[in-house]
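Asks: Questions regarding the structure given below will be posed in turn.
What follows is calculated from the coordinates using simple rules that are stated; it is not laboratory data. For clarity, every value in this text was computed on a predicted model and none was experimentally measured. Because the Cβ atoms are built from the backbone with ideal geometry, glycine has one as well, and the counts that use them run over all protein chains shown.
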Amino acid sequence: MKHADTRSPVSFFANVARLPQKGLPVVIEADAAQRAALAGEHGLLSVEAYRAELLVASWKRNGVKVSGRVEADITQACIVTLDPVQAHIDEPVEALLLPEDSKLGRQGFEGGGEILLDAGGPDSPETFSGDTIDVGALAEQFFGLAIDPYPRKPGASLDAVGRTEAAENEFQQKLRSLLGKS
């Protein structure tokens, strides 16, 4: 999770006080500077493309539902060879948000606020304050979760690396001679 004081490179603030009945469509297409910032924040070699298509809609009385997808083309370093590995991200975005001053937002789930959640459905609602939600930062969270933490170049394996028998170092030779003498 990001700290509130650091803005996402792809921040987009949606005003949720007056959402259209059919929802507010939001498209975020990252430019070169934003893609470079995303690459830096997520430890990637580069981000060639980044696009989030979202729908921000009213949910229940004063909550907000954000749905859509984030797609990106990224290049990571292989964890074995450090060679560049290309990857395509196509991740659904699904989030429920409640105003922090709503009864459920204030009490949280432990405070007796009841809400039915589908185990396969979206996570429990997060809270927001004021009239705006940074839907760009939300999409970036889903992007970050979709990045493979252990990218591998096809055919690269840890077994293949460094398997050539190295000459015994001085310590190993001394150890062997000590063990041989006992």
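Asks: What is the calculated FRET efficiency for Leu55 to Gln86, with r their C-beta to C-beta distance and R₀ = 35 Å, to the nearest 0.05?
Replies: On the way: r = 29 Å, r/R0 = 0.83.
Once rounded, the FRET efficiency stands at 0.75.
Asks: Hey, another quick one. Using per-residue counts of other Cβ atoms within 10 Å, averaged over each peptide, order 38-49, 21-32 from highest down. Please report the intermediate quantities before stating the final value.
Replies: Details: 38-49: 16.2, 21-32: 13.4.
Ranking, from highest mean packing down: 38-49, 21-32.
Asks: Moving on to the next point. Length gain on complete extension for the stretch Leu145 to Asn169, per 0.36 nm per residue less the alpha carbon to alpha carbon distance?
Replies: Working: separation 24, 0.36 × 24 = 8.64 nm, distance 4.25 nm.
Between Leu145 and Asn169, full extension yields 4.4 nm more.
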